[in-house]
Amino acid sequence: MKKDKETPNGAGKEHSIDEWFNGLNQPDGFCDDVFKNLPDFFTSLIDLFSDSKQQDTALFCSLILLSGVLPNYKVLYDGEVLDANLFGYLYGAASSGKGVMRKCKQLLLPIHQEKKKRTAAALLKYDQQMAARKRKRKKGNCIIKEGVVSHPDTQAVDDSPVPPPDEMLFVAANNTKSNIYPTMASNSGVIMCEPEAMTLTTALKQEHGAFTDLLLQAFHHETFSYSRKSERTIEIEHPLLTVLLSSTPRHVSHFFGDPENGLFSRFAFYRLNSASDFRNPYRGKNANINTKIDIKAKVVKKVYDHLSGLSMPLYFTLTSQQADSMFNYFNSVHKEYKKQFGEDMDGVVKRHGVIFTRLAMILSMFRTYETDQLKMVDEVVCSDDDFKCALSITDTLLGEALKVYEMLMGSKRPQTGQAALTSLELKIEQQNQFIELYNAGHSMSEIAKIVLGNAALKPTVWRQLKKLGIIKNK
């Protein structure tokens, strides 16, 4: 197709203007170099899925979930001891492929099932002890005669058996504050994996379910406590929580609300492309992958068991050259974002430094396991391949976070003229105005105010100009 004269600079020559414009808002996807350099565990896992969209989703979901099953594995980051736990949010149209998330959850089921079996056995033992104690008290400690109860030793120490902790790996999103805090206290780490984020949104809005403070504090493992007059005080040092949620795009703004509340900047985001064709459900790689995923789950269990049995934590580290490269990358991104968006994206960039480090930890752990070095090392040193993979993934995630920021700020945009904005002519005109005003020296805020009616939508202008090739990557 010839390039349309009215098509803004940078539009693709071989695609229709609709395809070009829609492409501005499609997921960027992870670059090919990421998949070439992944540890074998991840390469063989994502190869189980039939197309690139599913493979991207599988990589994102597996990294988030596996971050929650690496106990006793830590890193010293900016003077603080951090574990690998990540928060992830997958969003896309209905039936766009979020089912991959359930397959990735299957990798962790053996760990969860073992915990539940231990709890069931401990409860059985507890019930037996309670029954024996009851028989003993009935026989000797409590004498009943002619309707009179005699208590010979009312000052005796309570010898009641202690109820066992309720061990589990997965906790429900449909939860209350009074339940999730004891659950966290009873477990060394838990995962909240919810395919419908609305469930968690609803729980957080309930009178007894608001535990947003837990989500905010757990990302950095900040000590938190819970105390009510009728209950004992619960205090948890270094809480370990992993979160993976999914929803349609419309619900993202319902869950996060204001992007300045701190919750938004703690999440890694990935948007699903809803344009995939209808797949034959009876053929291809997806036809029967449960058995293969179960085999991968055994590898996860071995890594988990080894780390759980350590008497001392295993620490992760970057080489000095990698640390310098990481600093240079984030320092450059921070300066660019601050120049374009002011303080709006400051927390996002800084917390993506933590997300990068945790991604590198996860990749390095599985590569170390594959080289049979896990039982011999006293620290895990990041390989150059894992460093590059983690940095490339983080670069994509930063772009996705910017899109979500646009979405959250766009929800505050005046609704006048929405119908007109959907026309192709106005889409083209909007892009031409972006380019014209940018070339005239206007700032992103000024362009957003003039064209979109809201200066806070400056990320929309910046990202689309970058996609069009008007703003060059450094």
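For this structure, a couple of remarks:
- Condition broken by ALA275, with the remaining ones in (1) at pLDDT below 95; (2) under 30 Å from MET409 (Cα atoms); (3) part of a helix (DSSP H, G or I) satisfied: (3)
- You will find that of THR43, THR57, THR119, the residue that is assigned to a helix (DSSP H, G or I), among the hydroxyl-bearing types (Ser, Thr, Tyr) and without any contact (Cβ under 8 Å) to a residue 40 or more places away in the chain is THR43 and no other.
The values are calculated or read from the model by the stated rules, or taken from the named source; none is laboratory data. Bear in mind that the values here come from a model prediction, so they are computed numbers and not experimental data. Please note: Cβ atoms are built from the backbone with ideal geometry, for glycine as well, and neighbour counts cover all protein chains shown.
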